[in-house]
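Okay, so here's the structure we're looking at.
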Amino acid sequence: MNVEQALEWMKLFNEKIQEQKDYLSELDTPIGDGDHGGNMARGMAAVMENLEGKQFETSSDVFKLVSMQLLSKVGGASGPLYGSAFMGMAKADSHSKLEETLQSGLDMIVKRGKAEVGEKTMVDVWTPVIAALSAGQLTHEIIDEVVNATKDLLATKGRASYVGERSLGHIDPGSFSSGLLFTALLETGVV
Ligand code: ADP
Ligand code: MG
């Protein structure tokens, strides 16, 4: 991915996060503490502010700045997790295939959060999205499908695990925001 594409991706992701801020917090209310929209909106606003007017040599440099902003400006689980994801993507070579870059991000999410597939976290979106991308089959429909599928999962990691069975029937907020990230990626046209 080149610098322009990385910047366009972050711009579109930010727009979606700001648009869906209230809905993200609404999703986080029955199974969490209702702060996911606020967390992500604050983090991405800081990212956009800091990206402005800077020159970057590679997409890795863009991701590094995104990571630092998310790590320092976002509380809760999602700041360190998304911060780690972008740190992982920054470590991938700028010439890597897109799926390899995203896999480096997912590896860091898992390293930090220790969640496996099926525990109702963003890992349940990142994993199938990367698989679909590798197969040349990533579409908006697939993204919506995997995000919605988190509804039926029982949370066993993160704050949502505290409500046990009551986590069933609700979309995972971090999975929804990850869906926005990948929808934004498709819209940049890099896939
Ligand atoms: P907090 O849970 O601290 O209030 P947020 O509400 O901002 O933080 O983010 C919650 C989201 O973080 C969840 O919806 C889930 O997708 C993600 N999450 C929580 N714990 C983990 C984990 N261990 N691994 C991966 N993702 C996680
Ligand atoms: Mg929360």
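General observations
- FRET efficiency for the V117 to T58 pair, using the beta carbon distance and R₀ = 41 Å, is estimated at 0.85.
- 12 Å Cα-Cα reach of K16 towards aspartates and glutamates, excluding residues that sit fewer than 8 places from it in its own chain: E187
- Exceeding the 20 Å Cα-Cα cut-off - candidates K21/K157; K11/K73; K64/K97; K91/K120: K21/K157; K91/K120
- Protein accessible area in region 1-116, 1.4 Å probe - carbon and sulfur %: 48
- Residue (of P173, T127, G83) at the positive-pole extreme of region 71-191, dipole from beta-carbon charges: G83
- The chain: angle of helix 140-149 to the longest principal axis, Cα-based, in degrees nearest 10: 30
- Hz values of 3J(HN,Hα) by residue in region 45-54 - Karplus curve (6.51, -1.76, 1.60), Gly and Pro given as x: 5, 5, 4, 4, 4, 7, 6, 4, x, 9
- Averaged per residue, region 1-134 has 45 square angstrom of accessible surface, using a 1.4 angstrom probe with ligands and nucleic acids left out.
- The modelled label-to-label distance between E49 and D152, using points 7 Å beyond Cα along the C-beta direction, is 4.3 nm.
- Put simply, the convex hull of the Cα atoms in the chain casts, on average, a shadow of 9.2 nm².
- Size of electric dipole in the chain: Cβ of Lys, Arg +1 and of Asp, Glu -1, about Cα centre, debye, nearest 20: 600
The values are calculated or read from the model by the stated rules, or taken from the named source; none is laboratory data. Model, not experiment: these values are computed from the prediction. Reconstructed Cβ throughout: ideal geometry from the backbone, glycine too, with neighbour counts over all protein chains shown. Ligands, DNA and RNA are stripped out before the accessible areas are found, and what is left, the full protein with its side chains, is counted by its heavy atoms. Shrake-Rupley method; radii C 1.70, N 1.55, O 1.52, S 1.80 Å.
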